[in-house]
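Novice: My structure is below; once you've seen it, I'll send some questions.
Read the figures in this text as sums done on the coordinates, not as results from a lab. No experiment lies behind these values; they were computed from the predicted model shown. Cβ atoms come from the backbone with ideal geometry, glycine included; neighbour counts cover every protein chain shown.
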Amino acid sequence: MTKINKISFLMFCSVFSAFSNAESIMVSGTLETSLPDVKFSTSSQVNTAFVKESTVTAIPVSEGCEVSSDPNVKSTAGSLKCVFEWLPNNSGMPIANGFSLKGIPAIAGDIKLPWQIVYYSGSEREKVIVKEGEYNFKTVAPVAPVITSIKGSMSNGSSGSTLTSYIKNETLSNIDITVEPRDYDMVASVGSGTSCAIAAGASKCSITTGSVGISDGSSDFGSRDVGVTLNSFNNYFSPPVTSKVRLSWDYRAPAIDNTFWNVSKEARSFKIGDKDIYVAPQTIAVAVSVPARSDTN
């Protein structure tokens with residue numbers, strides 16, 4: 001309990017009698033009273049600036065008067081009502097709701113949050129400041145996001161950070177992202193629309209890409225990258241963290257390289273490069289090259 005300094009006072013009382021001269025009596029002493037006070041609590045032990053909403057709550061702790069957060073409260077006989085108020089600040093926490101102050105801190109370090117306790121005097125409700133102060137709110141700078149692994153999955157069941165398609169109707173179905181956990185919410189996204197959320201403390205999410213084709217449609221052979229960005233939910237980090245999934249495709253048709261005729265009644269061997277091709281008796285064999293698989297059969 002915070003006590004106001006003792007106030008010395010002199011009280012003069014005059015006692016008048018109709019039958020005697022007036023006598024003056026002087027009384028001296030001290031008067032003690034109490035000022036209302038508050039203590040504070042925060043929404044978390046570590047308050048991270050720029051990327052995470054924080055809440056500071058004031059809690060009345062004294063009996064000097066009944067402290068309310070309602071500016072319309074009125075005192076009654078025997079019950080003095082005071083009002084707690086958060087004062088304006090430029091720290092990024094502008095939303096006051098009664099005893100609570102909310103917002104995303106815009107400063108890393110020590111933040112001064114001013115407040116006051118007042119009461120409204122008389123029928124004119126003159127505002128009288130009873131006590132004022134600043135709450136020293138400590139915040140820390142955020143640690144940037146980190147992607148630890150990324151892999152895509154194709155409609156054919158294959159997955160990895162590099163995917164190769166040999167069939168034109170195959171598609172990219174989803175991308176799985178694993179990250180280092182943070183104490184703030186993050187969002188991983190592909191392009192401007194498809195994304196997944198990673199809650200504070202979590203380490204992974206999956207982006208459903210739907211039916212994204214593997215190729216870019218420009219040729220039957222090639223590759224392209226699908227970029228993934230990771231940022232805080234409010235896009236604080238610039239530039240964001242990036243990674244990618246490499247998509248390759250080869251839709252070139254097989255080609256006949258050689259034809260081998262064996263009209264004899266015995267098996268024969270034909271040489272193609274460093275390979276021996278055995279052809280059964282009275283059989284025609286065809287050597288086919290498959291560009292997509294870089295081999296000959």
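Novice: Using only the alpha carbons of the stretch 59-118, determine the length spanned along each of the three principal axes and report them from longest to shortest in whole angstroms.
Specialist: Largest first, the stretch 59-118 extends 46, 20, 14 Å along its Cα principal axes.
Novice: To the nearest 20 Debye, how big is the dipole of the stretch 81-174 about its Cα centre, given +1 on the beta carbon of each Lys and Arg and -1 on that of each Asp and Glu?
Specialist: 200
Novice: Report the extension gain between residue 34 and residue 70 in nm, rounded to one decimal, defined as 0.36 nm multiplied by the number of residues separating them, less their alpha carbon distance.
Specialist: Length gained, residue 34 through residue 70: 10.8 nm.
Novice: For residue 68, list long-range residues whose amide hydrogen, built 1.01 Å from N in the peptide plane, is under 5 Å from its own amide hydrogen.
Specialist: Here the answer is 82, 83, 84, since their amide H atoms fall under 5 Å of that of residue 68.
Novice: Here's something else I'd like to know. Just to be sure I understand: if I project the alpha-carbon convex hull of the stretch 34-138 onto a plane and average over all orientations, what area do I get in nm²?
Specialist: Details: hull surface 26.8 nm².
With every direction weighted equally, the projected area is 6.7 nm².
Novice: Determine Rg/Rh for the stretch 147-250; Rg is computed over alpha-carbon atoms and Rh is the Kirkwood hydrodynamic estimate from the same atoms. Intermediate results must be reported in sequence, preceding the final value.
Specialist: Numbers: Rg = 14.2 Å, Rh = 14.1 Å.
Using Cα coordinates only, the ratio equals 1.01.
Novice: May I pose another question? Any idea how far the Cα center of the stretch 180-234 sits from the one of the stretch 108-178, in Å?
Specialist: Here the answer is 18 Å between Cα centres.
Novice: Treating only the Cβ of Lys, Arg, Asp and Glu as charged (+1, +1, -1, -1), what charge dipole size does the stretch 147-250 show about its Cα centre? Round to the nearest 20 debye.
Specialist: 40
Novice: Long-range amide H contacts for residue 164: which residues qualify at under 5 Å (H placed 1.01 Å from N, peptide plane, sequence gap of 5 or more or a different chain)?
Specialist: The answer is 248.
Novice: Report the one residue of 92, 51, 107 whose Cα lies farthest in the direction of the positive end of the charge dipole of the stretch 34-138 (charges on C-beta: Lys and Arg +1, Asp and Glu -1; origin at the Cα centre).
Specialist: Looking along the dipole axis, the top candidate is 51.
Novice: Continuing with the same structure: Which whole-number percentage describes the relative contact order of the stretch 147-250, with Cα contacts under 8 Å and a sequence gap of 6 or more?
Specialist: Normalised by residue count, the contact order of the stretch 147-250 is 30 percent.
Novice: Once you keep just the Cα pairs under 8 angstrom separated by 6 or more residues, what percentage relative contact order results for the stretch 34-138?
Specialist: Across the stretch 34-138, relative contact order equals 25 percent.
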